[in-house]
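A quick write-up on the structure given underneath.
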Amino acid sequence: MRRYNLRINENDHTIDVEELARDTFTVHLEDGRLVDVVLTDHQDLAQAVIAPRLEIGQPRLAPATPMVRDLPTASASAAPPARRAAVGRASGGKSVLAPMPGVVLNVEVSVGATVQRGQTLLVLEAMKMKNELKAERDAVVASIPATAGDQVKHGDVLLEFES
């Protein structure tokens, strides 16, 4: 269920929208009434196309959406346990980071495997879409902190390569 805060003619309203099927919803109004809604057509009016991608670059204070980048040693102290614990390694290896919050559906490679550029490393489900995260370069997998079923946040370390 999603909650929306709307302003209609200078009056604030809060509605909850419950998705029953791909095109069928129940809208919970503030006064307790329920409204059944069927989506018959839609158009995307935005010009921007949003697509996940891999990018290699230097770390920044506020990264836009890089998935593969060098990780600074200093960030390990602010990192949550588990997935970011390996960030503090002195080797400074490359890591595959979660480009968005989601659930790891499956991991396609194993530790020690040699991967080729473009090879699928793992599949991340986000916003009901499956996103294949692919290798940006030929490399050897050093560690895989993420496992199938893990809920990950943007920037979590999913996989690390040897230097």
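Of all residues in segment 119-140, count the ones that are surrounded by 16 or more Cβ atoms within 10 Å (Cβ to Cβ) and in contact with a Phe, Trp or Tyr (Cβ under 7 Å, 6 or more places away or on another chain). Explain how you work it out, then say what you get.
Keep residues of segment 119-140 that are surrounded by 16 or more Cβ atoms within 10 Å (Cβ to Cβ), which gives 121-124, 126, 131, 133-136, 139.
Filter once more, so that each one left must be in contact with a Phe, Trp or Tyr (Cβ under 7 Å, 6 or more places away or on another chain): 139.
Of the residues in segment 119-140, 1 are surrounded by 16 or more Cβ atoms within 10 Å (Cβ to Cβ) and in contact with a Phe, Trp or Tyr (Cβ under 7 Å, 6 or more places away or on another chain).
Restricting attention to segment 6-60, the residues being under 19 Å from Met127 (Cβ atoms), at pLDDT 85 or above and basic (Lys, Arg) number 0. Of all residues in segment 21-38, those that are closer than 15 Å to Arg2 by Cβ have Cβ atoms under 6 Å from Cβ atoms of residues that are of a type in the set (Phe, Trp, Tyr), 6 or more apart or on another chain, in Val37/Phe25.
Given the criteria of a type outside the set (Gly, Ala, Ser), touching a residue at least 40 places away in the same chain (Cβ under 8 Å) and more than 28 Å from Met1 (Cβ to Cβ), does Glu132 qualify? It is false that Glu132 is of a type outside the set (Gly, Ala, Ser), touching a residue at least 40 places away in the same chain (Cβ under 8 Å) and more than 28 Å from Met1 (Cβ to Cβ). Highlighted here are the strands (runs of 3 or more DSSP E) found entirely within segment 95-163 that include at least 3 residues which are modelled with pLDDT under 95 and more than 11 Å from the chain's Cα centre (by Cα): 102-107, 120-126, 139-143, 157-161.
The values are calculated or read from the model by the stated rules, or taken from the named source; none is laboratory data. Everything numeric here is computed off the predicted structure, so don't read it as measured data. Don't worry about glycine lacking a Cβ; one is built from the backbone with ideal geometry, like all the others, and counts go over all protein chains shown.
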